[in-house]
Structures are given as C-alpha cells and as structure tokens.
1. Dividing the alpha-carbon radius of gyration of segment 51-129 by 2.2 N^0.38 Å (N being the number of residues), what value is obtained?
2. Hey, in the GNM for the chain with a 10 angstrom Cα cutoff, which one of Ser167, Ser102, Ser31 fluctuates hardest?
3. Only four residue types carry charge here, +1 at the Cβ of Lys and Arg and -1 at the Cβ of Asp and Glu. Report the dipole size of the chain about the Cα centre in Debye, rounded to the nearest 20.
4. Between Thr253 and residues 5 or more places away or on another chain, which pairs have amide H atoms under 5 Å apart, with H built 1.01 Å from N, and which residues are they?
5. Could you provide, to the nearest whole Å², the per residue accessible area of the chain with probe 1.4 Å?
6. Could you work out the Kirkwood radius for the chain, taking every pair of different alpha carbons, averaging 1/r and inverting it, reported in Å?
7. For the chain, what does the helix formula give at 222 nm: sum of -39500 (n - 2.57) over DSSP H segments with n ≥ 4, over the residue count, nearest 500 deg cm²/dmol?
8. Under a 10 Å cutoff between Cα atoms, tell me which one of Glu11, Glu60, Glu99 has the largest fluctuation in the Gaussian network model of the chain.
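The values are calculated or read from the model by the stated rules, or taken from the named source; none is laboratory data. Small disclaimer: the values here were computed from a predicted structure and weren't measured. Note that we place each Cβ from the backbone using ideal geometry, even for glycine, and neighbour counts take in every protein chain shown. Remember, those area values only see protein heavy atoms, side chains included, never the ligands or the DNA or RNA. Shrake-Rupley method; radii C 1.70, N 1.55, O 1.52, S 1.80 Å.
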Amino acid sequence: MNYVHGHTPEESIRLVKQAKPLEKLFHEDLSFLPGQKVLEAGCGVGGQTLLLAQNWPDTEFVSIDIQESFIEQAKLRIQEANLKNVRFKHADIMALPFEKESFDHIYVCFVLEHLTDPLEALLNLKSVLKNGGSITIIEGDHDLFCCHPKYEDARRVVDCLTALQASHGGNALIGRQLYPLVKKAAFSRLSVTPKLMYVDASRPDLVEEFSKITFIGMIEEIKDQALAHNLIDLEEWQKGIDALYRSTEADGTLCYTYFKAHAFK
Ligand SMILES: C[S@@+](CC[C@H](N)C(=O)[O-])C[C@H]1O[C@@H](n2cnc3c(N)ncnc32)[C@H](O)[C@@H]1O
C-alpha cells in the first residue's frame, strides 16, 4: 500500500496527537456493551485505539493494520497504558484473517480514503461482522476545509494533498461519498453525520493540537512529494503554508468537516 503520508516518525507523532482533539467529535455518540468484540480496521500507530480501549475497558478490541511498524508502535502504546483489552494483528483489510461473522462492531477511521477499492474493503469488513452488528466509518473531505484570512493561498497547498492522494489511488474527498458508498455495500439503517471542527483563538488548545499539529502538520508532510510531482512551485508552497499558519493567529479561523457513517448489517 502506498500511504500518501509515509511511515516516518513525524507521521506517527501526528497520528497520535490528532486523536485527542478529535475525541469528542468522533467518540461522543459511540457506545459499546461490555463483552462486545470490536474490530478496529487500519489502527495505525494506535492513536484511536488508545482512546477506544480506555473509554470502553470492558469491550474487547482487535486492531489490525497493513503496516507492521505501525502495529508495533500501537502495541507499545497500549502496553504503556497498561490496557489489557486490545489484541493486535498485522493484517490487510482486503484479506481478513478472521472467521465470518466474528465481530459485534467495526470501527474504521481515516482508512477508506487511502484505498483504491473502498467498496471491496467495506464488503470484506461486512463479511466478518455479525448479522445485526454495526459499523462506524469516519472520513474527511479536504474540499470542506476553509480558513481566514488568506484562504486562496492556503487552498492551493491543501489541493496538492488531494491531487497527490488521487495519484496514489486514494480519495481525499471521500467524506461526501460515504452515504452512497456504504449504501452500495448494502448495509442497513445507514446514517451519515457531518462533524464540524471549527477553531479560533478562543480555543488555544485546538489552535495548537488541531490547526497546527493535525491539519497543517498533515499538509507540511507532503512538501517534497508536491514539489517533485510539479503540483506547485516552492514560492507558492511557502505562501500557502504561511497562509495556513496565518489562520492560527489572533484574528484567524480554520474550519474542516469530517463525516461519520453508522450502519448495521
Ligand atoms: C490515516 S491512517 C489512520 C490510522 C488510525 N485509524 C487513526 O485514525 O489514527 C490510515 C491507516 O490505514 C492503514 N491501512 C491502509 N490500507 C490498509 C489495508 N488494506 N489494510 C489494513 N490497514 C490499512 C495504514 O497503514 C494506516 O495505518
């Protein structure tokens, strides 16, 4: 798999740090019963895993990822937190090593956007979900980013990530497509909720953790690839990054919309 953000230490740190500011937005309407078995597909370095396992200590999580080095880091994170309710497995969503109908729930966060065949992935996941079980899918949509002031300059560098991800076979605009995609996989009682992250200077914690680390950090990571693919020149790139940081100042704002789908088998 050609992961657009790479497998660098910086990406690991970003993935872990982004989980916390997004926790309320993503987890406030989740609920698992004690004893339920949940598959976390594409757990990365365990940023979401840690929060899930801490918040639902009586739920059994099985967290998989295709990238072995990510799994090792996730394992360490869970061990350090002394959590006993997560089992990790190095596995591909496209070739799941589980019996059919093994899980009560499946949790997928920021994964479908990186896959060339997200529908096939959903059908695979559905096969290991129990009848009556449910799935949660969270994805972003980079077109639904805006900031103030200097939006146009910032837009150009964000668009580089969208183009780059498409060239890797992914889709950074998948959020808006979740409803038809999940419907096509024939899940029932499907609902999709937009989850808006809005940041201004009245929330310095979010300026730091979301605007700077999560969002701008994600864009900064692709600088070399964007330049190498001639998506932008160095001057425009720097103007765009400066514009993003400008939105973190006292009179700046930044806004992004995620989509959360919930459905049953
Ligand atoms: C953006 S990261 C998200 C990680 C985690 N869900 C989070 O929100 O922090 C996407 C993850 O999906 C994993 N992934 C991509 N394709 C996969 C596949 N076919 N099977 C399993 N994991 C996959 C990547 O290795 C990466 O760790």
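1. Against the compact-globule rule of thumb, the ratio is 1.12.
2. Sorting by GNM fluctuation, first place goes to Ser31.
3. Approximately 980 debye in magnitude.
4. His148
5. 44
6. Final number for the Kirkwood radius of the chain is 18.9 Å.
7. After summing the helix terms and dividing by residue count, I get -11000 deg cm²/dmol.
8. Sorting by GNM fluctuation, first place goes to Glu99.
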